[in-house]
Amino acid sequence: MASLKFYIETWGCQMNVLDSQRIYSSFIRMGFYPSESLKEADVFALNTCSVRKKAEEKVWSRLNEVKKLKEKGILKKIILCGCIPESYGEEILKKFPFIDFLIGPDQIQNIPKILEKEKAIALDFEEKFSFAEDDFERSTEVMPSVSVMEGCNQFCSYCVVPYTRGRERSRNFYEILKEVNFLVQKGFTSIMLLGQVINNYKCPETGFKLDKLLK
């Protein structure tokens, strides 16, 4: 699928924004080119949020809109990413069979391999939270984000995070430092550390906690 144009829409939290930057970088490395508009794109990735019902309804509405572009042959591939596919799984395809890929948050790092197929569902949680690439494309934001942990163990009755982002998993301490140092070398002076329950950060290899990371 080389030489295709892509368009990404991001709805939801700051973690989704970071995930979309990683999707963007994956597409660039695959030889795709960014499109300035959806109507000029071959590949459309919609990175979704399911924390509220209204956010989900916006996604369903947006999918009905892009369906027309797929039927006209303008869009070749539609990728639904993020929390909604993780929350609803294959049930989504019963209502929106024109979607080519369902990709959960934990599988975003595997996009190049997933897109080798014609269609795919990739919703598994990774046992270990790790992504070594620190040089993925960043936006022109003043304060870039670095994800240090993912998921939540609380399972509150009103929250979907444990079901869409999985249980708590922390990244390796030195992997985080490597990414932070890379950003500092790029000239950034402020960096935002991300995590659903960030105060529970604990490096699985060293046992270092958030206070050590902040130092």
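The values are calculated or read from the model by the stated rules, or taken from the named source; none is laboratory data. Not measured: the values here are computed from a predicted model. Don't worry about glycine lacking a Cβ; one is built from the backbone with ideal geometry, like all the others, and counts go over all protein chains shown.
Overview of results
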read-out	value
Residue check for residue 37: modelled with pLDDT under 90 and either of a type outside the set (A, V, I, L, M) or outside the structural domain of residue 158 (by TED's automatic domain parsing) (or both)	no
Segment 131-159 residues that are at pLDDT below 60, paired with ones that are of a type in the set (Phe, Trp, Tyr) (beta carbon under 8 Å, 6 or more apart)	134/182; 135/182
2 or more residues over 25 Å from residue 168 (Cβ atoms): qualifying helices (runs of 4 or more DSSP H) within segment 42-117	53-71, 91-95, 111-114
Near pairs, Cβ below 8 angstrom, 6+ apart or cross-chain, from segment 181-202 (among the small types (Gly, Ala, Ser)) to any residue that is assigned to a loop (DSSP other than H, G, I, E, B)	190/142; 190/143; 195/148; 195/201
So residue 61, is it without any contact (Cβ under 8 Å) to a residue 24 or more places away in the chain, loosely packed, with under 15 Cβ neighbours inside 10 Å and more than 25 Å from residue 113 (Cα to Cα)	yes
Hits in segment 181-201 (condition: in contact with a helix residue (DSSP H, G or I) (Cβ under 9 Å, 6 or more places away or on another chain) and surrounded by 18 or more Cβ atoms within 10 Å (Cβ to Cβ))	195, 196, 201
Within segment 161-215, helices (runs of 4 or more DSSP H) holding 3 or more residues that are more than 26 Å from residue 56 (Cα to Cα)	173-185, 210-214
Criterion: closer than 16 Å to residue 4 by Cβ, within 18 Å of the chain's Cα centre (by Cα) and among the hydroxyl-bearing types (Ser, Thr, Tyr) - qualifying residue of 26, 37	26
